[in-house]
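The values are calculated or read from the model by the stated rules, or taken from the named source; none is laboratory data. Only a predicted model underlies this, so the values are computations on that prediction, with no experimental measurement involved. Note that each Cβ is placed from the backbone with ideal geometry, even for glycine, and that neighbours are counted across all protein chains shown.
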Amino acid sequence: MIQVQELTKSYGAKTVVDHASFTVQPGMVTGFLGPNGAGKSTTMRMIVGLAKPTAGQVLVNGRKFTSSTHPLVEVGTLLEAKSVHKSLTPRAHLRAMAATAGLPTTRVDEVLELTGLGAVQRKKVGGFSLGMGQRLGIATALLGDPQVLILDEPVNGLDPEGVAWVRNLARQQAAAGKTVFISSHLMSEMAQTADHLVVIGRGKILADAPIGEFIDNGLAQTLVRTADAETLMNALAAEGVQLKRLDAVTLEVTGPESEVIGRRALEAGVVLSELRPLQRTLEDAYMELTRDAVEYQSQITTQSIGGK
């Protein structure tokens, strides 16, 4: 278990993590989401003592991780995949790590095969692709068979097979009762992997909820098409709903269920050509929540792309 309590990190006048509090429970995959610069990596580094908090604290399995006498067995981390010396081979790197932790060399063989590095275990890391470097970083994280696994952008650079492998690995580790904390910018992948989400923006925790609850948000969304959109909008306005006009005949209605919309249309004498519930995605919910927490927003239009 990871307990983050009022965690704050400032660099001079800039606060990158601002009184963050959340708990990562064992037995499930907890996804950590947020825009670039939101404080994700800094938070993960503070959890394992690589950055010192300005205020607050983090407890890993009930105590500060910096006091651990067997760190590789307690926590496995992937924070910077390219931290391995380029002249080393995967086998040499993992054997050195195992020796410092008192782990048997047989464990090195196990993680090399588990991560698909068996065939390249004697090749120098300097020639590795980004994806192969990620696999070696994950192998290092798994070396001590830790109770807590912290992975920062583990699918970065991996091909589809590798992405699916990381997803299955994370879920297998959680199913074994371990604590799995994983960040990613791939919303579709996080939707398939995570059981719970923690979302951070501008250093503050914006959400801490089961993934289904986060996506659903308790509000129905419905696509409505009608030639009399103005009349229907006036009829629905009394319901206090959110209305978004997509074009002359199409509305996106947030709030009431489809049945309520249909009833209001009937009462107003409006003929509907389409009435279809929309399924919110993780990306929809995330973009809506973090809209005001993005540090750098792109302004791209069709005109600017076309150069006209």
(request) Mind counting the residues in region 240-283 that are over 30 Å from ALA194 (Cβ atoms), touching a helix residue (DSSP H, G or I) at 6+ places or on another chain (Cβ under 8 Å) and assigned to a strand (DSSP E or B)? (result) 5
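Can you go through VAL75, VAL108, VAL48, VAL58 and tell me which one is under 25 Å from GLU161 (Cα atoms) and buried (at least 17 other Cβ atoms within 10 Å of the Cβ)? Please lay out each step first, then the result.
Details: VAL75 fails: under 25 Å from GLU161 (Cα atoms); VAL48 fails: under 25 Å from GLU161 (Cα atoms); VAL58 fails: under 25 Å from GLU161 (Cα atoms).
None of the others qualify; the one that does is VAL108.
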(message) Among the listed residues ALA209, ALA191, identify the single one that is surrounded by fewer than 17 Cβ atoms within 10 Å (Cβ to Cβ) and assigned by TED's automatic domain parsing to the domain that holds VAL16.
(response) ALA209
(message) Suppose we filter LEU72, LEU7 for residues that are modelled with pLDDT under 95, of a type in the set (A, V, I, L, M) and over 17 Å from the mean Cα position of the chain (by Cα); which single one remains?
(response) LEU72
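Look through region 80-92, keep the residues that are under 20 Å from VAL166 (Cβ atoms) and surrounded by fewer than 20 Cβ atoms within 10 Å (Cβ to Cβ), and return whichever of them is modelled with the lowest pLDDT. So that I can check it myself, show each step before the final result.
Of the residues in region 80-92, the ones under 20 Å from VAL166 (Cβ atoms) are 80-84, 90.
Those left that are additionally surrounded by fewer than 20 Cβ atoms within 10 Å (Cβ to Cβ): 80, 82-83.
Working: GLU80: 79, LYS82: 69, SER83: 74.
This residue is LYS82.
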(message) Please pick out the residue among VAL111, VAL16 that is assigned by TED's automatic domain parsing to the domain that holds ASP208 and touching a residue at least 60 places away in the same chain (Cβ under 8 Å).
(response) VAL16
(request) Kindly establish whether ALA265 is loosely packed, with under 15 Cβ neighbours inside 10 Å and outside the structural domain of ASN168 (by TED's automatic domain parsing). (result) no
(request) Look through region 260-280, keep the residues that are under 40 Å from the mean Cα position of the chain (by Cα) and among the β-branched types (Val, Ile, Thr), and return whichever of them is farthest from ASP228 (Cα to Cα). (result) VAL260
(message) Let me spell it out: the conditions are (1) among the small types (Gly, Ala, Ser); (2) surrounded by fewer than 20 Cβ atoms within 10 Å (Cβ to Cβ); (3) assigned to a helix (DSSP H, G or I), and SER41 meets all of them except one. Which number is the exception?
(response) (2)
(request) Give just the number: which of (1) under 30 Å from LYS40 (Cα atoms); (2) at pLDDT 95 or above; (3) not aromatic (Phe, Trp, Tyr) does GLN297 not satisfy? (result) (2)
(message) Quick check on my filter: what residues within region 111-131 are modelled with pLDDT under 90 and under 24 Å from the mean Cα position of the chain (by Cα)?
(response) SER129, LEU130, GLY131
(request) Could you tell me whether region 123-136 includes any residue that is without any contact (Cβ under 8 Å) to a residue 12 or more places away in the chain, in contact with a helix residue (DSSP H, G or I) (Cβ under 8 Å, 6 or more places away or on another chain) and over 17 Å from TRP165 (Cα atoms)? (result) yes
(request) Return only the number of the condition from (1) modelled with pLDDT of 80 or more; (2) not polar (S, T, N, Q); (3) not in a strand (DSSP E or B) that ASP292 does not satisfy. (result) (1)
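Hey, among VAL163, VAL155, VAL148, which residue is at pLDDT 95 or above and in contact with a helix residue (DSSP H, G or I) (Cβ under 8 Å, 6 or more places away or on another chain)? Break it down stepwise before answering.
Working: VAL163 fails: at pLDDT 95 or above; VAL155 fails: at pLDDT 95 or above.
Every option except VAL148 fails the conditions.
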(message) Could you check region 215-234 and list, in sequence order, the residues that are at pLDDT 90 or above, surrounded by 15 or more Cβ atoms within 10 Å (Cβ to Cβ) and assigned to a helix (DSSP H, G or I)?
(response) ALA229, LEU232, MET233
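For region 47-70, how many residues meet the condition of being outside any loop (DSSP other than H, G, I, E, B) and either hydroxyl-bearing (Ser, Thr, Tyr) or farther than 28 Å from GLU283 by Cβ (or both)? First the steps, then the outcome.
Restricting attention to region 47-70, the residues satisfying the condition of being outside any loop (DSSP other than H, G, I, E, B) are 47, 55-60, 63, 65-67.
With either hydroxyl-bearing (Ser, Thr, Tyr) or farther than 28 Å from GLU283 by Cβ (or both) added as a condition, the list becomes 55-60, 63, 65-67.
Going through region 47-70 one residue at a time, the tally reaches 10.
Would you check which residues across region 1-18 are part of a strand (DSSP E or B) and surrounded by 14 or more Cβ atoms within 10 Å (Cβ to Cβ) and list them?
At the first step, the residues of region 1-18 found to be part of a strand (DSSP E or B) are 2-11, 14-18.
ILE2, GLN3, VAL4, GLN5, LEU7, THR8, LYS9, SER10, THR15, VAL16, VAL17, ASP18, listed by residue number.
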